[in-house]
Amino acid sequence: MNQADLSPFHDLTFKSVLDALPCYLTIQDADLNILFANQTFRNDFGDGVGQHCYQVFQGTEHKCRKCPVQKTFADKNVHIAEETILLRDGSVNQMIVYSAPLLSLTGNVSAVIKLLTNVNMIKDVQKELVTLGQSFAVLTHDLKNMLEGLEGGAYVVDEGIKDGDWKLAGKGWHIVKKNITEISRVTQNTLYSSKKRTPQFQKAKPNEVARRTVELYQEKASAMAIQLISLLNPTLPQTSMDASSITRMLSNLIWNALEACDKDQRQASNAVFVRADYYNKSHWMFEVEDNADGMDEDTEKNLFEEFFSTKGDKGTGLGLMVVDRIVRNHKGKIEILTRPGIGSLFRTIFPI
């Protein structure tokens with residue numbers, strides 16, 4: 001389908017209706033080139049015509065794995081999806097996406113209409129209501145388990161001291177330290193997620209933030225017999241960030257990766273890699289990768305839902321909620337690559 005086939009969309013009256021829509025509307029060909037875009041789209045993305053949709057919406061050179069437009073070309077049906085979109089000003093928005101076919105006289109799909117509606121406000125209200133309703137019950141349950149763990153560890157320490165069994169006392173102290181760490185993590189994540197924070201942006205070096213955060217977990221990783229390796233590009237420049245928030249984000253991702261490796265029974269040895277590097281010319285990234293069990297599609301889909309945890313009853317689900325909020329506060333986005341039995345990679349991308 002070429003520009004000549006789109007003559008109805010250049011009719012002033014019809015085009016005015018499309019331009020007035022309070023949502024983004026594009027028409028795309030089978031190669032995902034944008035053939036037409038309404039005024040709402042042009043206001044936030046620029047012209048866009050002639051570019052691939054993933055270049056405009058995602059700022060990447062890679063097609064989306066679950067593209068609704070490609071599905072519509074394949075089966076001629078309407079598809080609905082949820083996507084995270086980068087606007088031209090760098091802000092990140094959650095969108096409900098609809099794709100619908102434009103059929104030729106022979107019944108083939110000539111092009112696909114893609115309609116995007118911003119649901120950021122709805123998502124924010126939903127998260128706040130769910131957090132308010134569930135936080136007390138979830139946190140009470142988990143803190144109770146951690147306090148019971150402290151009591152159990154303290155009992156083992158007492159018995160070891162009483163019997164002069166320092167090996168037993170050491171095991172008890174390890175249990176105590178583990179539960180103190182968990183209580184500290186849950187408390188910090190709860191404080192962060194319970195109220196809206198205004199990020200305190202200052203110039204900072206991503207490599208320094210990564211190096212200090214990795215150092216915090218080196219001793220824990222060694223105790224778990226897991227290699228914790230940092231790979232930092234020395235040419236990364238200073239960039240504007242809330243360093244304490246980014247540290248919290250990176251801490252949650254590293255700890256999740258270490259715990260995933262600790263539960264992995266398949267590997268003779270496990271490793272977690274922390275990278276800081278360029279994503280493209282205008283963005284930089286952190287990556288936290290493990291070689292643990294990986295995740296199935298359902299788990300990946302629900303990762304950032306409120307209080308969803310891959311640890312079942314042993315997790316609060318707050319860690320990734322906090323990661324998601326910090327990334328959005330920095331006008332960034334998250335990419336996840338995971339395969340069952342292979343491992344997982346969490347990539348957080350930020351503008352330079």
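None of the figures in this text is laboratory data; all of them are computed from the coordinates on show. Just so you know, these numbers come straight off a predicted model, no measurement behind them. Virtual Cβ from ideal backbone geometry, glycine too; neighbours counted across all protein chains shown.
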Proxy reagent accessibility, fewest Cβ within 10 Å first, across Glu151, Glu61, Glu300: Glu61, Glu151, Glu300
Between segment 148-179 and segment 78-123, the alpha-carbon center distance in angstrom: 57 Å
Peptides 163-173, 285-295 ordered by average Cβ neighbours within 10 Å, highest first: 285-295, 163-173
Cβ-based net charge around Gln238, under 12 Å, with every Lys or Arg adding one and every Asp or Glu removing one: +1
In order through segment 32-44: 3J(HN,Hα) via Karplus (6.51 cos²θ - 1.76 cosθ + 1.60), integer Hz, x for Gly, Pro: 6, 6, 7, 9, 8, 9, 7, 5, 4, 4, 5, 4, 9
